[in-house]
């Protein structure tokens, strides 16, 4: 009897050890391989809260150039922050970023970002949308006519067009930015909404909208692009000849189409200008880097 009780106690002790070991391993696993959540952020000003650099020290944190935003990142264990590009309108370039946090509460993190409204215009968790390759709250659309659906005004923070049906959709989805690009029927818009739902509504308005498309983001600038080189490209738009003038010697000149595909790569101005002659009509994103590693991004239009 005593022997049986001894083995029973030993069995229970072994079970407790195994159970506790399993729990400890689970906790360690959560700490090391914690749940990662992904987000998109839109800044009020692309120069305030912009990506600065990443530090890979113990408990490393992503860093912006704004102390208040960095504190939010620290409080929510943000481990990744990078500026992404893809817009054609100058007012939007550099405003969007992607973020990740580990073992954070995604709802609290989004609330913290939105509460910091002097720096953050929009923030949303994107995990439910399978890590979108395009901006969550942005679209491009092409109108059937430049005179039907064009921008009229911004009323109470919402875009009003000269077409009542389109304006109602913009009200329903809180479209707050709507600007012509090239050609005159081609627009970019930004909303406080899910662009997938907005796209469905716009696609159901064929009398005004010819087609819609998502704004695919691209990674153009490296993390150490803290300074901007002065560069001038003219004429812009151009037809046959384009000129590039810079203040310092260049190390790289890259040109991307609106889908993020690199179409020109040159290490001097004359090579770039010669290759630009053969471009197809369209809108491009030009990235110029000088010999000191400083870069700037500009929109270039070929007619």
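The values are calculated or read from the model by the stated rules, or taken from the named source; none is laboratory data. In this text the structure is predicted, and so the values were computed from the model without any measurement. Backbone-built Cβ (ideal geometry, glycine too); neighbour counts: all protein chains shown.
Let me confirm something: among 279, 244, which residue is surrounded by 15 or more Cβ atoms within 10 Å (Cβ to Cβ) and part of a loop (DSSP other than H, G, I, E, B)? Step through it out loud before you land on a result.
Numbers: 244 fails: part of a loop (DSSP other than H, G, I, E, B).
None of the others qualify; the one that does is 279.
What are the pairs with Cβ atoms under 7 angstrom where one residue, in region 146-165, is over 17 Å from residue 186 (Cα atoms) and the other, located anywhere, is in a strand (DSSP E or B)? Sequence gap at least six, or different chains.
153/160; 157/176; 158/175; 158/176
Conditions (1) assigned to a loop (DSSP other than H, G, I, E, B); (2) crowded, with 22+ Cβ neighbours inside 10 Å; (3) outside the structural domain of residue 48 (by TED's automatic domain parsing), marked per residue:
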residue	(1), (2), (3)
148	yes, no, yes
159	no, yes, yes
167	no, no, yes
171	no, no, yes
190	no, yes, yes
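Tally up the residues in region 47-56 that are in a loop (DSSP other than H, G, I, E, B) and modelled with pLDDT under 90, please.
Keep residues of region 47-56 that are in a loop (DSSP other than H, G, I, E, B), which gives 47-50, 55-56.
Cutting the leftovers down to modelled with pLDDT under 90 gives us 47, 50, 55-56.
Residues that pass the stated criteria total 4.
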